[in-house]
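Here is the structure we will look at.
No lab work stands behind these numbers, since they all come straight from the coordinates. Only a predicted model underlies this, so the values are computations on that prediction, with no experimental measurement involved. As a convention, Cβ positions derive from the backbone with ideal geometry for all residues, glycine included, and neighbour counts pool all protein chains shown.
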Amino acid sequence: MSKQQTQNHAWLLASRPTGEPTKENFRFVEQVIPELNEGEVLLRTVYLSLDPYMRGRMDDGESYAPPAELDKPMVGGTVCQVAASKHADYQQGDWVLGQSGWQQYAVSDGSDLVKLGNDLPHPSWALGILGMPGFTAYMGLMNIGQPKEGETLVVAAATGPVGATVGQLGKMKGCRVVGVAGGEEKCRYAIETLGFDACVDHHSSDFAGQLAAACSAGIDIYYENVGGKVFDAVFPLLNTAARVPVCGLVSGYSSRDLPDGPDRTPMIMAAILKRRIRVQGFIIFQDYGDRYPEFLSAMKPLIEDKKIHYREHVIEGLENAPQAFIDMLNGKNFGKTVIKVPE
Ligand code: NDP
């Protein structure tokens with residue numbers, strides 16, 4: 001290994017945000033790569049996934065996963081190539097899915113790696129449509145949403161990796177699919193490329209009215225990705241026996257306080273009771289981890305037959321990770337956000 005390659009670059013979590021994250025919550029450092037011990041591999045990050053859940057990991061409150069540690073590389077899923085190996089199961093050049101975080105190189109004992117094979121047409125897709133977001137879309141929709149022919153399905157963050165997959169799977173199940181997305185370009189893409197029946201821009205001043213007009217038969221499934229004002233507009237439209245898979249609430253991930261206004265919990269609970277609405281949260285790997293092979297065998301043929309569209313938002317350079325992450329939380333991404341890390 002050359003002198004240059006012994007240096008690692010990493011983004012550490014420098015501080016926990018109070019509200020919206022800023023670039024100052026991260027610190028870029030150069031570190032020496034440690035020598036490999038027997039049974040270890042050196043991973044070179046080729047793609048780093050940026051996902052909304054990372055905002056939660058920056059906090060130290062109670063959650064389904066431990067917080068990211070201060071002064072350690074920020075956590076994250078990666079697609080890596082093995083740069084050097086002292087592990088019997090891995091050869092230099094092997095492609096793997098890892099959890100090595102926001103850094104260029106990492107040492108692993110192999111226990112957190114999934115082999116991807118060495119003939120993948122799109123290695124980065126293991127972080128999106130064939131990975132955690134695609135799996136999340138599939139399980140949340142099929143198991144909790146239970147889509148049926150002729151039903152109306154609404155999904156927000158409609159052009160992101162979860163929402164776009166949910167909507168396309170819903171169409172295959174015969175649903176009328178209404179997306180919610182930020183901006184005209186995303187809405188056009190949802191209709192023209194993803195095949196949704198309608199898509200409503202949540203930035204428009206008459207968002208709630210436009211959503212109601214697009215859902216004239218009410219809503220049977222609301223796949224919840226964002227919460228906030230989208231939930232407020234959806235909730236009155238939910239039909240009797242509607243299902244609400246609660247996947248994410250990205251509009252509120254940086255909020256510390258409850259919104260102003262009267263407590264609407266009794267009204268919401270009464271509607272859930274009277275309309276027999278089923279609201280169910282899920283955490284993909286905790287709830288469905290053992291069903292990943294089932295997902296893959298359903299999704300791979302859809303991709304091979306080009307029955308499903310997948311869009312990536314690729315940003316070059318590890319140095320751009322904090323800004324790209326902040327932008328993704330604010331809807332400035334258009335598709336699955338990945339950082340391509342040059343050699
Ligand atoms: P995206 O790539 O779609 O990025 C998030 C998107 O959320 C933004 O692009 C933006 O899209 C939208 N958004 C942000 N703020 C708001 C707001 N205030 N109102 C409406 N929309 C907003 O994300 P993913 O597809 O990766 O994830 C979607 C959801 O799924 C997230 O909530 C995530 O946490 C959740 N998730 C949950 C998992 C689980 O196990 N439960 C696993 C994986 C993901 P736009 O510009 O279109 O509004």
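Given H placed 1.01 Å from N in the peptide plane, which residues other than close sequence neighbours of Val46 have an amide H under 5 Å from its amide H?
For Val46, whose amide H was placed from the backbone, the distant partners under 5 Å are Val79, Cys80, Gln81.
In whole Å, what are the Cα extents of the chain along the three principal axes, biggest one first?
On the principal axes, the chain reaches 65, 46, 34 Å in Cα extent.
What is the calculated FRET efficiency for Asp327 to Val279, with r their C-beta to C-beta distance and R₀ = 35 Å, to the nearest 0.05?
My answer for the efficiency is 0.70.
Under 11 Å from a label point 7 Å along Cα→Cβ of Lys115: give me every residue in the stretch 38-66 with its amide N that close.
Answer for this model: none.
At 7 Å along Cα-to-Cβ for each site, give me the label-to-label distance between Arg188 and Val29 in nm.
Label-label distance for Arg188 and Val29, simple model: 4.6 nm.
No partner Cβ under 4.7 angstrom, meaning no disulfide-compatible partner by this rule: which Cys of the chain qualify?
Cys80, Cys175, Cys215, Cys247
Label Ser205 and Glu304 with points 7 Å out from Cα along Cα→Cβ: what is the distance between them in nm?
Each label point lies 7 Å from its Cα, and together they span 5.2 nm.
Which values of log₁₀ I(q)/I(0), to two decimal places, follow from the Debye formula for the stretch 132-285 at q = 0.16, 0.21 Å⁻¹ with a uniform point scatterer at every Cα?
Here log10 of I(q) over I(0) equals -0.83, -1.46.
Just to check, using Stokes-Einstein with a Kirkwood Rh over alpha carbon pairs, what's the diffusion coefficient of the stretch 100-214 at 25 °C and 0.890 mPa s in µm²/s?
Diffusion coefficient, whole number: 155 µm²/s.
With a 10 Å Cβ neighbour count serving as the proxy for reagent exposure, in which order, fewest first, do Val338, Val246 appear?
Taking fewest neighbouring Cβ atoms as first place, the list is Val246, Val338.
Per-residue HN-Hα couplings for the stretch 233-246, Karplus 6.51 cos²θ - 1.76 cosθ + 1.60 at θ = phi - 60°, whole Hz, x for Gly and Pro?
Karplus-based 3J(HN,Hα) across the stretch 233-246 equals 6, 6, 3, x, 8, 5, 7, 4, 6, 5, 10, 10, x, 8 Hz.
For a Förster distance of 22 Å, can you work out the FRET efficiency between the beta-carbons of Arg256 and Gln286, rounded to the nearest 0.05?
FRET efficiency, Arg256 to Gln286: 0.30.
Just to confirm a number: summing +1 for Lys and Arg and -1 for Asp and Glu over residues other than Ser255 whose beta-carbon lies under 13 angstrom from that of Ser255, what do you get?
That sum, taken over residues with Cβ under 13 Å, equals -1.
Apply the Karplus parameterisation 6.51 cos²θ - 1.76 cosθ + 1.60, with θ equal to phi minus 60°, to every residue of the stretch 207-217 and state each ³J(HN,Hα) to the nearest whole Hz, in sequence, with x for glycine and proline.
Karplus values, whole Hz, x for Gly and Pro: 4, 4, x, 5, 5, 4, 5, 6, 10, 5, 9.
Could you work out how much longer the chain between Asp232 and Met267 gets when fully extended? Use 0.36 nm per residue separation minus the Cα distance between them, nm to one decimal.
Computed gain between Asp232 and Met267 is 11.4 nm.
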